[in-house]
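The values are calculated or read from the model by the stated rules, or taken from the named source; none is laboratory data. For clarity, every value in this text was computed on a predicted model and none was experimentally measured. Here the Cβ is made from the backbone with ideal geometry for all residues, glycine too, and neighbour counts use every protein chain on show.
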Amino acid sequence: MTRNSEPDEHLRQNESRPRTPEPDGRGGGLEPDNELARWLVEWNAEDGAMEPDVGAEGPAANMMRQVFVSAVVAALVAASISYASIRGALFRRFVDVPNLVGLTMDTARTALDQAGLLLVATDELEDTAAPPSQIVLQRPLPGSKLHRGESVKVLVSQLPILVKVPSVVGQFVGEARMHLENAHLTVSSVVEQVHPSLAVGKVISQSVPEDTEVRAGMGLELKVSKGAETVTVPAVVGKSLSKAKDLLKQAGLTLGKIHYASDDDRRPGIVLEQEPVANKTLGKGLAVDLIVNSD
């Protein structure tokens, strides 16, 4: 019996035709990439490549759809960048900070290069106990944890600069300050004192002797004259010599030269005259001369 071949031919023609995916996904659907491509084609067509259905949605609806899609794309890009940043920070490698104190800059730089860290010299510190150009302090401390690529800051030792102290005794304090600054020194303090002969403002003494070698920048204390302290001369004429001595001492004065003269109207040993005269002002500690009645 001969088999009819027409149905078989019909089946082969149907199988060769492209199959349209069913809406509910049965019978095989589009792959995700093909679905996205079809959606983009349709969206571009609605955006102008094809005639939009103005009657159904209108231009405003198309514009809202474009704004929404743009916002979604921007949010996805921002999320990707944030994720990459957070992932990079979480997975950066921590390393131990080595001990750099006592090393030279070159040796310390080699040690940090091996650990993946950077060396930063922030300042120099005068240190007579450490050799020049040696690291005396570091931050962070040895054993601390840092990410690779971060910096370790260090202080490097240097020998102090020595200078000779000039003499400024007898100079006015302003002039003395200028001379000390020229010698790379400073005035740490000024103490005023009474001086019987030096004018007000002149240096009586300095805390460090002349020609002493000290560190540059060191401060000196200066003692400066505020002049002689003055007192009022007491009246001692008509007093006995012993009483006159007591009064002068109480006033902060001393007994000067004693001359003798004769006055029959006065008792012997009585002060006839004094120089300076009573109620004059005189530098404290200075002397008062007397003329005393002889026997």
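Here the condition is being without any contact (Cβ under 8 Å) to a residue 24 or more places away in the chain and surrounded by fewer than 16 Cβ atoms within 10 Å (Cβ to Cβ); of THR107, THR122, it holds for THR107 alone. Go through the residues of the range 135-145 one by one and say whether even a single one is outside the structural domain of ALA216 (by TED's automatic domain parsing), touching a strand residue (DSSP E or B) at 6+ places or on another chain (Cβ under 8 Å) and among the charged types (D, E, K, R). For the range 135-145, residues outside the structural domain of ALA216 (by TED's automatic domain parsing), touching a strand residue (DSSP E or B) at 6+ places or on another chain (Cβ under 8 Å) and among the charged types (D, E, K, R): present.
Among the residues of the range 206-261, write down those that are over 30 Å from LEU125 (Cβ atoms), of a type outside the set (Val, Ile, Thr) and part of a loop (DSSP other than H, G, I, E, B). LYS226, GLY227, ALA228, GLU229, PRO234, ALA235, GLY238, LYS239, ALA251, GLY252, LEU253, listed by residue number. Look through GLY201, GLY227, GLY238, GLY269 and report the one residue that is under 19 Å from SER167 (Cα atoms) and without any contact (Cβ under 8 Å) to a residue 60 or more places away in the chain. None of the others qualify; the one that does is GLY201. The criterion of at least 1 residues that are more than 30 Å from THR104 (Cβ to Cβ) is met, among strands (runs of 3 or more DSSP E) falling completely within the range 120-196, by 162-164, 186-193. In the range 171-179, is there at least one residue being surrounded by 15 or more Cβ atoms within 10 Å (Cβ to Cβ) and among the acidic types (Asp, Glu)? No, that holds for no residue.
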